[in-house]
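Coordinate-derived values only; no laboratory data. The shown structure was predicted, so the numbers you read here are calculated from the model rather than taken from an experiment. Here the Cβ positions follow ideal geometry from the backbone for every residue, glycine too, while neighbour counts run over all protein chains shown.
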Amino acid sequence: MNYDLLVIGNSRAGAERAAAEALAGRRVALLKSVEKTVRLDVMQTSAEIIVASDNVSMRAWRAEVDRLTRSEMAAEFERLAELGVEQIVGSARFVSPTVVEATFGAERRRVEASDFVLACETRSRRPNFLFANDRCTVVAEDLLKLTDLPRSAVVVGAGATGLSTAVTLATLGVEVVVVDNHATLLELCGLFDSTFDALQTRDVAFRLEDEAIGVTAQPDLQAAVRLASGRQIVADSIVVCVGSEGMVEGLNLEAAGVGVDDRGRVWCDRNGKTWAKQISAVGPIVGAPREFNVPSIDVFSFLSGSGRAASSMTDRLKIARALQS
């Protein structure tokens, strides 16, 4: 089949691009893989729902995440179908710069298009030195694989994924400590007020400018995060949120003339264009440097007080509660 545009991937940004291009009158297909990660916002919304219903358990959380995911997928399918977007399920592989082979089971289908958009999802990285104890250590998207909700958790990494995970777990009543080596006051100032408020009201603790260097097993099915400072934090679960990698395995991007970085993210210019003129990328798979806004001195002063050190964040984020061991 020939299309004006083929969007490849499961990300929300991909579905949005497919819808926009179809509205513009282009003939569009969306090729989605069978493998799909659980979105963090769905996990958070599901947590809020079960807390409101006073039915907090891992089983209830899994069921609510599954319900919301299925509902969103059905709504997305219907919306795209109404816009005339053909939706194909299968694994994608470029066989040339303008041809993709879609495989689902024993069925194979060649799809040609004038333009392509890469919209693959990403998954959390799993550094080996933090996964010596798989019994208690997970990445954010695998939290639902735990047998029970933990009573306590250490989130390693204070990026967007780590902070979102911390809020979600704290919503469920889990005692949470976030550890990050690179998080400084200035970096945290870039957060929206709603994130600050969520972290504060849920009593999330922080240990900043300290590095997680390993995980060791502890009695009673717990684990300890060992820190570069010589301290350790013991918890029921360790959630590793130290960056992501693109889910581009099998795409054979070399055949399309597209380059990726060492984490599987697609090299693009600021407009999302790849090295191949007919291929662009959207969503978390984009690996190009992105512009970002540095907080003004007025914002920095307001959030930091004196602006001298991370101690001024203590009251704002309850850092003083970080475990001292």
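Multiply the residue separation of residue 63 and residue 201 by 0.36 nm, subtract the distance between their alpha-carbon atoms, and state the gained length in nm to one decimal.
Gain on extension, residue 63 to residue 201, equals 47.1 nm.
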Amide proton proximity set for residue 85, modelled H, under 5 Å, gap of 5+: none
Hypothetical label at residue 99: residues of segment 242-269 whose amide nitrogen lies under 14 Å (7 Å Cα-Cβ projection): 255-256
Per-residue Cβ neighbour rank within 10 angstrom, fewest leading, 242, 156: 242, 156
Sites residue 231 and residue 135, calculated FRET efficiency, Cβ-Cβ separation with R0 22 Å, nearest 0.05: 0.50
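Sort 247, 43 by Cβ crowding within 10 Å, fewest neighbours at the top.
Arranged by neighbour count, lowest to highest, 247, 43 become 247, 43.
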J(HN,Hα) series, segment 227-238, from Karplus relation 6.51 cos²θ - 1.76 cosθ + 1.60, nearest Hz, glycine and proline x: 10, 5, 6, x, 8, 9, 10, 9, 7, 5, 9, 10
R0 of 41 Å, Cβ-Cβ distance residue 87-residue 128: FRET efficiency to nearest 0.05: 0.65
Equivalent ellipsoid semi-axes, segment 1-144, via Cα gyration tensor eigenvalues times 5, rooted, Å: 33, 20, 12
FRET efficiency for residue 211 and residue 275, using Cβ-Cβ distance with R0 set to 30 Å, rounded to 0.05: 0.25
